[in-house]
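Have a look at the structure below, then the notes.
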Amino acid sequence: MAVALTAQVAGAQQPATPAVAEETDALTDKARQLYEEGRQAAAAGKWADARASFLAAWAIKPHYQIASNLGVACVKLGRNREAAEYLTRYLREAPATKVKERQSAEASLKEALAKIASVTVRVAPAGAEVTVDGAVVGKAPLADPVFLDPGKHEIGAKLDGHAPAMRPIATVAGSTETVALQLERTPSAEIGGSVGTSIPPRSEMPRDKVRTAVLVGGGIAAGAGVAAGVVLTVLANGRAGDAEKLRQELVVEGDGFASCPDISSSKCAKLKDTVFAKVDLTNSAFWSFVAGGAIGVGTLVYGLVTVRPTESRPAVQVVPLLGTGASGLLVSGTF
């Protein structure tokens, strides 16, 4: 019975041991040894020794529990920027179930932040190296703010293929600020490679497509202008025929004379309207031919100017067509 009671008492004391083991079960033996040495030094108030032991353990195994103790040691030594970095990482990685430990870390972090500045750095595009006073602190996006001692600093970012960016900043103790940097892509000619590396020439496909589109569009527009001129000319000729027919009727009714409006006022008015319509259609046809010809000539000139040197020069003939009933341009040749 005595043995059984002893076993029960021992079992009742077991929960404290797993709690300690939970804090250190991820550490290697050497890191655990250094961690324990740091805790002993901290308990004795030897904070410089404690920080040295915690740093050595952190170098072996960057566990969040080491970060917490390291942050507290840095606060005690007045190394507030380092303290904020370690305590912030602890709060980011420590389980939410560690309520008391997190509250203690938050209090220490608040004490450190009162003496330094917290700067949130946002850089685009992602993957750019973020620098503080020329030293690389990580790649964008940064998981935590950048902690700076009060004073003047330079926040920068750089990424291959982009122009570097730099922003001066003046910080005061206890301040919280945000710095945003947008890296602009450099022109292809400025994206350097090694010496002797040639940059391949740009493809000329976009230029060819634009030239083709202009030539095709100009040809269609010119053709539409000429076609409109032809249709209007046909209509004008039809009106001219109608006017001549009405005039002949008036001549017959007037015994060989077409005197308006004495013979027939209605026919005279109709004749007048028909003549005016014929004139309007003729003018419209003329300007349609002019517009189509101008567009055609402009398109032709563009094609000649933009032709590649390696291409054969087109042979083109432009012959004006003039007549009593129609006018226009005859364009022939090879392109």
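The values are calculated or read from the model by the stated rules, or taken from the named source; none is laboratory data. Every value quoted in this text rests on a predicted model; they were computed, and no experiment measured them. Quick reminder, even Gly has a Cβ in these numbers, built from the backbone with ideal geometry, and neighbours come from all protein chains shown. SASA here: full protein model, heavy atoms, side chains in, ligands and nucleic acids out. Shrake-Rupley method; radii C 1.70, N 1.55, O 1.52, S 1.80 Å.
If you check every pair at least six apart or on different chains, which have Cβ atoms under 9 Å apart with a residue in region 114-131 that is over 26 Å from Gly78 (Cβ atoms) first and a residue that is among the hydroxyl-bearing types (Ser, Thr, Tyr) and assigned to a strand (DSSP E or B) second?
Listed pairs, sorted by first residue: Arg122/Thr178.
Restricting to region 84-98, count the residues that are more than 38 Å from the chain's Cα centre (by Cα) and either open to solvent by less than 80 Å² (accessible area, probe 1.4 Å) or closer than 15 Å to Gly174 by Cα (or both).
Final tally of qualifying residues: 2.
Across region 156-171, what is the number of residues that are within 17 Å of Pro141 (Cβ to Cβ) and assigned to a loop (DSSP other than H, G, I, E, B)?
Count: 1.
Give the residue, chosen from Pro261, Pro309, that is in contact with a helix residue (DSSP H, G or I) (Cβ under 6 Å, 6 or more places away or on another chain), of a type outside the set (A, V, I, L, M), open to solvent by 40 Å² or more (accessible area, probe 1.4 Å) and modelled with pLDDT under 80.
Pro261
Restricting the first residue to region 277-305 and requiring it to be without any contact (Cβ under 8 Å) to a residue 24 or more places away in the chain and assigned to a helix (DSSP H, G or I), which pairs with a second residue that is open to solvent by 70 Å² or more (accessible area, probe 1.4 Å) and among the basic types (Lys, Arg) meet a Cβ separation below 8 Å and a spacing of at least six or different chains?
As it stands, the answer is Leu304/Arg313, since those pairs meet every condition given.
What pairs can you find where one residue is in region 26-48 and free of Cβ contacts under 8 Å to residues at least 60 places away in the same chain, the other is of a type in the set (Asp, Glu) and surrounded by 14 or more Cβ atoms within 10 Å (Cβ to Cβ), and their Cβ atoms are less than 6 Å apart, with a gap of 6+ or different chains?
Ala41/Asp49
Give just the number: which of (1) open to solvent by less than 60 Å² (accessible area, probe 1.4 Å); (2) modelled with pLDDT under 60; (3) not aliphatic (A, V, I, L, M) does Phe335 not satisfy?
(1)
Could you please let me know if Pro141 is within 27 Å of Gly156 (Cβ to Cβ) and either in a helix (DSSP H, G or I) or free of Cβ contacts under 8 Å to residues at least 12 places away in the same chain (or both)?
No: the conditions fail for Pro141.
Exactly one of these conditions fails for Gln103: (1) in contact with a Pro (Cβ under 6 Å, 6 or more places away or on another chain); (2) surrounded by fewer than 19 Cβ atoms within 10 Å (Cβ to Cβ); (3) polar (S, T, N, Q). Give me its number.
Here Gln103 clears every test but (1).
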